[in-house]
Structures are given as C-alpha cells and as structure tokens.
Amino acid sequence: MKSLIAESLDHLKHKLPDNVKLVAVSKTKPIEDIMEAYKAGQRDFGENRIQEMTEKYGQLPEDIRWHMIGHVQGNKIKYMAPFVHLVHGMDKPKRVKELNKEAQKNGRIIDCLIQIHIAREESKFGFDYDEAWQLLSDSPGEKFPHVRIRGLMGMATLTDNEPQIRNEFRGLKQFFDKVNNELNLPDFDILSMGMSGDFQLALDEGSNMIRIGSAIFGRRS
Ligand SMILES: *Cc1c(COP(=O)(O)O)cnc(C)c1O
C-alpha cells in the first residue's frame, strides 16, 4: 500500500507543469518521513535550519539535493558549504560574499537565489528591489566567482487576500523578467515562489519552483 506521503506527492505532481520543480520541505520532519518521499522518487528537499539540514544530510542517501530555504546565518554557512545544492535565502549582500568564501574553501561553485522581501510583513527577510538590482547589475559573477546566482525567491504575505498575494508574486515575476531582459546573467532561470497555501497562485504568476511542506508531510507540530 502507498504511504500517505507518497500519495500526497503523487497528487501534487500531477498538478504541476513539466517546467516546475518541486522542493519537498521536510523541516521538523523525521528521517522516516523523508525516506517515504525518497522512495516515491522525490530528490529535492528543503530545510530552513542549517544545523538540522546538516544532520539529515549525514543520515540520508547521497543523491538527495538539499535546498536551504530559510534565513541564513553567516557563521553557519561553513556547515552546509560542502554539500548544499541551492541556497534560496540569500537575504543581504553580505551573505553572498560569505557564501563565496565558503564555497571557495570547498572548491565549489554554489548555486543560490536572491531572496526579495515581497511581503508586507516586517518579519520576513530579504532584499528590496533596488538593493537586488544593485547587486545583480554589478557583475556578481566576477566579484563572486564561487557563487552562481540562479534566480530569485520570495514569500508572499500570510493572508487570505488573494489579490494581494497575486500582486506580490506578479511583482517578483516582473522583476525576474526585467533582470533577464536587461542584465546578461548566465543561468538566471529559477523563480522560487509558492508554498502549500499559495502555490497555485504562484504558478499562475510564473513560478517555476515551489516549496511545499505541509501539503506533503502533514502539519508541523
Ligand atoms: C516552511 C517553509 C515552506 C513550506 O511551507 P508549507 O506551508 O508547509 O508548504 C516554504 N518556504 C519556506 C521559506 C518555509 O520556511
């Protein structure tokens, strides 16, 4: 019999267009749950704490692609630098520099996304659009040769107001397009937006990577 996790994954994947990547957000969930999803074919997993991700990395199959989706603390980058697949939460210029340094130590080029503060909530992290434009238009590939900026990430406001969520996602997509049209950044092709509660809106607005936790693994306690 299929596990509930495998069924939820199946159900979700059937709804996704081919160009959309699904990151299964496994934060707070035990190894056994992650293995259920793994056995169902899932390889991309997201965690929001570097320490938890590093512990899980050590206990799980090597072909899992680990995504750091949470706020990144500069002094912890070194723990994930050897293995992290994509860092979504680059939320200030300093972080890019720090990631570059740790990537270099590990002889790697690490992929990351610039997190933009699109929500109205103060509590969320990220660049504002002007700051992000400054970074992106100032030859980031030359300044940070061990970091490859692959695109943008954003979290919408936690609200029932769909037009507002849609607007926030739409603004991020427009900025993504503007960067692609006006700056010649290689491999700038990922737009990470959408979670369990709002991924349908995010897909409508052009997301190509969604980060889904509770709709796969159930509610977190
Ligand atoms: C927890 C988290 C998610 C997943 O949230 P769900 O609502 O459980 O799908 C996605 N993105 C980030 C940045 C998160 O912290």
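A few remarks follow.
- Here Pro163 qualifies as of a type outside the set (Ser, Thr, Tyr), under 30 Å from His14 (Cβ atoms) and surrounded by fewer than 22 Cβ atoms within 10 Å (Cβ to Cβ).
- Only one of the listed residues (Ser221, Ser123, Ser207) is of a type in the set (S, T, N, Q), closer than 28 Å to Asp18 by Cβ and either within 13 Å of the ligand (Cβ to nearest atom) or open to solvent by less than 40 Å² (accessible area, probe 1.4 Å) (or both). That residue is Ser207.
- The residues on offer are Asp160, Asp177, Asp128, and the sole one that is within 17 Å of His88 (Cα to Cα) and out of contact with any helix residue (DSSP H, G or I) (no Cβ under 7 Å at 6 or more places or on another chain) is Asp128.
- Any hit, segment 179-201, residues being polar (S, T, N, Q), more than 20 Å from Ala24 (Cα to Cα), surrounded by fewer than 18 Cβ atoms within 10 Å (Cβ to Cβ) and modelled with pLDDT of 95 or more: yes
- Members of segment 182-204 that are in contact with a helix residue (DSSP H, G or I) (Cβ under 7 Å, 6 or more places away or on another chain) and either within 15 Å of the ligand (Cβ to nearest atom) or within 18 Å of Pro17 (Cα to Cα) (or both): Leu191, Met193, Gly194, Ser196, Asp198, Leu201, Ala202
- Within segment 66-90, the set of residues being in contact with a Gly (Cβ under 9 Å, 6 or more places away or on another chain) and in a loop (DSSP other than H, G, I, E, B) comprises Ile69, Gly70, His71, Val72.
The values are calculated or read from the model by the stated rules, or taken from the named source; none is laboratory data. Values in this document were obtained by computation on a predicted structure and should not be read as measured data. No Cβ is skipped: glycine too gets one built from the backbone with ideal geometry, and neighbour counts run over all protein chains shown. Protein only, heavy atoms only, side chains kept; ligands, DNA and RNA dropped before computing areas. Shrake-Rupley method; radii C 1.70, N 1.55, O 1.52, S 1.80 Å.
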